[in-house]
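Everything on this sheet refers to the single structure shown next.
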Amino acid sequence: MKRYINRFLMVLCMAMFMISLSACQQESDTKPTGKEPQSIGEVILSGANSEYYASEITEDYIRVVNDDYVCESKMTPEIYAKLEEVDFFAEDKDQQYAEILKDYPIDKLELRSDSQLSEEEMKNLIGKSGQELLDMGFENFGYNLNEENAVFFMDRNGYSYNVVVEESFEETDDFDAYEALSKSTIKEFAE
C-alpha cells in the first residue's frame, strides 16, 4: 500500500511540475497587447515603464529595446545632432529623446521575446562553435576562465546565458573573449 501511495505522490508531483512548466512557457510566449509602436519615440516612452530597457545611439543608427520590442532605424545627421544636444545625465533625458524622435520611423521592429533561446535551440547549439552565438547577435559581458572549461556570459536583448565551452584558456593581458569564444565548442548552457 505504501508503494502505491508513493507512486501516486510521485505521479502527482510530476503532473504539477508539468503544469507549472507549461504555465511558464505560456507566459514567455505572450505577445504584447495593444498596437505596435509607430515611431522610435513611442518605443522610448514605453521603455520608461518597462522592466527591461536599453538604447544605443550612434551616428549611423539608433536601437531601442524594451520589454516588448526591439527596434532599429538609420540615423540622420540632423537627428543625431539634436540628440547630442540633450544632457546625457538629465533626469528627463528619455522624455527629451522621445520628443525629438516622436515621428521618427522604425526601420526594423521585432518582438523582444524572439531573442530568448528555447530549450530546443540551446540543445541544438551544443557541440557548435561559439561563433554561431555571435552570429545570432549575442554579446559577451564577461567570462570565467577556470582550469577545466571557460564560461562566457552572453546576452541578447536582455536574455542572459552562461555558456560553458569545451576549451580552457589562460587569461593574458591581450585575451580577447570574442575571439576565444568564436573558436570554442559549446558544451552547455549553465545557470
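The values are calculated or read from the model by the stated rules, or taken from the named source; none is laboratory data. Predicted model, so just to flag it, every value in this text is computed and none were measured. Ideal geometry is used to build each Cβ from the backbone, glycine not excepted, and the neighbour counts take in all protein chains shown. Protein only, heavy atoms only, side chains kept; ligands, DNA and RNA dropped before computing areas. Shrake-Rupley method; radii C 1.70, N 1.55, O 1.52, S 1.80 Å.
For segment 41-191, pairs of C-alpha atoms spaced more than 22 angstrom apart make up 50 percent of the total. Rounded to the nearest 0.05, the FRET efficiency derived from the C-beta distance between Phe89 and Glu148 at R0 = 45 Å is 0.55. Stretched out straight at 0.36 nm per residue, the stretch from Tyr52 to Asp107 would grow longer than its current Cα-Cα span by 17.7 nm. The stretch between Glu99 and Leu134 holds 9.2 nm of extra length on full extension. This uses 0.36 nm per residue minus the Cα-Cα distance. In plain terms, the chain from Ile126 to Lys35 could stretch by 29.0 nm, reckoned as 0.36 nm per residue minus the Cα-Cα distance. If the Kirkwood radius is taken over C-alpha pairs of segment 73-152, then at 37 °C and 0.692 mPa s the Stokes-Einstein diffusion coefficient equals 195 µm²/s.
For segment 135-191, what is the convex hull volume of its Cα atoms per residue in Å³?
80 Å³
A 1.4 Å probe run over segment 130-191, with the rest of the protein chains in place, finds 57 Å² accessible per residue. Distance between the pseudo-spin-label points of Glu171 and Asp114 (7 Å out from Cα toward the beta carbon): 3.8 nm. Cross-link pairs exceeding 24 Å between alpha carbons, from the set Lys108/Lys183; Lys123/Lys183; Lys35/Lys102; Lys74/Lys123: Lys108/Lys183; Lys74/Lys123. Taking N as the residue count of segment 44-97, its C-alpha radius of gyration divided by 2.2 N^0.38 Å amounts to 1.12.
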